[in-house]
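The values are calculated or read from the model by the stated rules, or taken from the named source; none is laboratory data. Keep in mind that this is a model prediction, so the values were computed, not measured. Because the Cβ atoms are built from the backbone with ideal geometry, glycine has one as well, and the counts that use them run over all protein chains shown.
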Amino acid sequence: MLNQFTLIGRIARQPSLQTTREGISYTRFTLAVRRHFKNQAGQYDTDFVQLISWNKVAERVADFCSKGSLISVNGRIQMRSFKVEKEQRLTVPDVVAENVTFLQMKKMTDDTPSHEKVPIPSPPLPSSEEGSSSN
């Protein structure tokens, strides 16, 4: 049996890091995922998927992602049950992000505070030895 998903999309609103009473970090965020086919009107529909991430993954999402960031998410579906009234229990699925790959870092503008700027590494420069071959 396999419980696994992969989604690629853009973060729909700013993720924020939260902490449980036990001190465990988590982030709930929404991913806008475009469907791969057009509807009857010739437009692509978008699904908004609610996700949760825990611990280090949650911290990285909160630190490096913002609204509009393009990410790839791998994870699992986990059922969560809780009481809503005296004797009633509600069971809902949690879409748990276990691995997040940043496909497009959050954009930096001149207005972005320096503590929020993410350094984007430059591609390596070709070495001067690459073009010459020595015998």
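What residue, among those in segment 47-71 that are hydroxyl-bearing (Ser, Thr, Tyr) and at pLDDT below 95, is farthest from Arg10 (Cα to Cα)? Step by step, filter segment 47-71, then rank; the result is Ser66.
The set of residues from segment 20-47 being surrounded by 12 or more Cβ atoms within 10 Å (Cβ to Cβ) and either in contact with a Pro (Cβ under 6 Å, 6 or more places away or on another chain) or farther than 19 Å from Leu7 by Cβ (or both) comprises Ser25, Thr27, Phe29. Residues that are surrounded by 16 or more Cβ atoms within 10 Å (Cβ to Cβ) and touching a Gly at 6+ places or on another chain (Cβ under 9 Å) were ranked within segment 6-19; the one that is farthest from Val73 (Cα to Cα) is Ala12. Can you name the residue in segment 72-123 that is small (Gly, Ala, Ser) and loosely packed, with under 12 Cβ neighbours inside 10 Å and is also modelled with the highest pLDDT among such residues? Ranking the qualifying residues of segment 72-123, first place goes to Ser81.
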